[in-house]
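The structure appears right after this line, and notes come after that.
The values are calculated or read from the model by the stated rules, or taken from the named source; none is laboratory data. What you see is a predicted model; the values in this text were computed from it and never measured. Using ideal geometry, Cβ is built from the backbone for each residue, glycine included, and neighbour counts are taken over all protein chains shown.
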Amino acid sequence: MVAGLIDTVLSLLSQYGYFALFVFVVLETGYVIHFVPSEVVLPVAVLGLVSGPTTFALFVLNATVAAVVGSLLAYYLFGVSGAHLLERSERIERLTAGEVERSQRWFRRWGEGLLFWGRLVPVVRTPISIPAGFAGTDLRRFVSYSAAGWLLYATALTAFAYVGTDLIGVVEPVLTVLFDAIVGA
């Protein structure tokens, strides 16, 4: 079943390009469809959609904006509204009220800075939006930390898809600009 889903997603990406990429990333990072991980789909999408510096930058921008939109969806749908929905239903991520309170305390103590770093860790990347919503993280901080983390993740993933291929030289100028911007050179 999972192989069929991956094939379907990849077929949609090849047919609809950046629009399908945007929709897929929003739904995956929004925790709406989470059985087709981006770690599987995005590297293949990179190889199908990126052919030079302009498409490299477009891919990274598209994936980053879509990931932030999806993260906001999870933040509001499961995080901010999740505690209220838990009172009515026991099936929101199978969390109990005690687990929500524990995640609120944990996230308030450790979480805001982890929004950035969590976007780089496969197991934490998507679900970290939920405790951020439970904890009522400031929306501007949520968006800025998430955007920076997703930008770094999308750039690294896109670059890694090209390591060892003949096309790495084509996207090297974009990597140089992004690296200089990140380290402040």
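Which of the residues that make up the stretch 112-140 are closer than 24 Å to Leu157 by Cα, part of a helix (DSSP H, G or I) and not acidic (Asp, Glu)?
Listed by number, the residues that qualify are Gly113, Leu114, Leu115, Phe116, Trp117, Gly118, Ser129, Ile130.
Condition check: modelled with pLDDT under 85 and either of a type outside the set (A, V, I, L, M, F, W, C) or surrounded by 16 or more Cβ atoms within 10 Å (Cβ to Cβ) (or both). Does Gly17 satisfy that?
no
Return the only residue of Val40, Val36 being in a helix (DSSP H, G or I) and surrounded by fewer than 23 Cβ atoms within 10 Å (Cβ to Cβ).
So the residue among Val40, Val36 that is in a helix (DSSP H, G or I) and surrounded by fewer than 23 Cβ atoms within 10 Å (Cβ to Cβ) is Val40.
When Val40 is evaluated against the numbered criteria (1) farther than 15 Å from Leu12 by Cβ; (2) free of Cβ contacts under 8 Å to residues at least 40 places away in the same chain, which criterion, by number, is the only one it fails?
(1)
Against the definition (within 15 Å of the chain's Cα centre (by Cα) and in contact (Cβ under 8 Å) with a residue 12 or more places away in the chain), how does Ala45 come out, yes or no?
Taking the combined requirement at face value, the residue satisfies it.
Quick check: anything in the stretch 142-154 among the hydroxyl-bearing types (Ser, Thr, Tyr) and assigned to a loop (DSSP other than H, G, I, E, B)?
Scanning the stretch 142-154, I find no residue that is among the hydroxyl-bearing types (Ser, Thr, Tyr) and assigned to a loop (DSSP other than H, G, I, E, B), so the answer is no.
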